[in-house]
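Worksheet: the structure to be examined is printed underneath.
The values are calculated or read from the model by the stated rules, or taken from the named source; none is laboratory data. The shown structure was predicted, so the numbers you read here are calculated from the model rather than taken from an experiment. Here the Cβ positions follow ideal geometry from the backbone for every residue, glycine too, while neighbour counts run over all protein chains shown. Accessible surface is based on the protein model in full, side chains and every heavy atom, while ligands, DNA and RNA are left aside. Shrake-Rupley method; radii C 1.70, N 1.55, O 1.52, S 1.80 Å.
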Amino acid sequence: MKPPTTNAVLAAKNVQRGLAAKIQETSGLFRKKQKVYMDRLQGHAIKNQDLLIASGAISLHGSEGMSAVEEDMAASRSQLSTQVQQQMDAQTQERTRELADIAKNIASLADLFKDLSSLVIEQGTILDSVEYNIERTADAMEGAVKELKIAQGYQRNTGRRQCIFFLILLIFAAIVLLIFKPRN
């Protein structure tokens, strides 16, 4: 299995950020709707009691009717409380799971940054050695250029020297011929 490329890692991070933003947005929306729902439920309970009193089914003075309403209200509250508690437990479990997922993602992200750090250090070392080698090569090239200029001067001088040597040799040969030439 090949290690993920930097593009794949970057894409994974972007997807992860997008999903985290969606989760946060959805969680906020859920909390708002839950608050509206709870307000509505509490409002219905109060309205029901007011309607019963207004219809005459119970009176404000009648303890029997009032206690029945109160019992109904208490039962509704306990049922509502149980439902709310169950919803809160489910939400808590869901958030705990999400937090564990986020913690895992953060841990893997930390590992990625450690790996990236070691790669940066390795690449930095390689770049330093490459830079050092380039500097040495540049210095050697400057020395080579100087030596080529000197060699070029020697080569020019060598052609002149050969010409001078050849002329001296001819003059010497002419002198030897003049000396040893029979005089007729």
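Data table
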read-out: Of all residues making up the range 7-32, the number that are closer than 14 Å to residue 99 by Cα and either in contact with a strand residue (DSSP E or B) (Cβ under 9 Å, 6 or more places away or on another chain) or surrounded by 12 or more Cβ atoms within 10 Å (Cβ to Cβ) (or both); value: 5
read-out: Cβ pairs under 7 Å, 6+ apart, first in the range 1-23 and more than 16 Å from residue 108 (Cβ to Cβ) and assigned to a loop (DSSP other than H, G, I, E, B), second open to solvent by less than 90 Å² (accessible area, probe 1.4 Å) and at pLDDT below 80; value: none
read-out: Check on residue 64, modelled with pLDDT of 90 or more and out of contact with any His (no Cβ under 6 Å at 6 or more places or on another chain); value: no
read-out: For residue 168: the one exception among (1) open to solvent by less than 80 Å² (accessible area, probe 1.4 Å); (2) at pLDDT 95 or above; value: (1)
read-out: When residues of the range 87-123 are limited to those that are acidic (Asp, Glu) and more than 18 Å from residue 9 (Cα to Cα), the one least open to solvent (accessible area, probe 1.4 Å); value: 98
read-out: Filtered residue count, the range 127-162, keeping only those that are open to solvent by 90 Å² or more (accessible area, probe 1.4 Å) and under 30 Å from residue 6 (Cβ atoms); value: 6
read-out: Residue count, the range 101-119 (criterion: within 13 Å of the chain's Cα centre (by Cα) and free of Cβ contacts under 8 Å to residues at least 12 places away in the same chain); value: 9
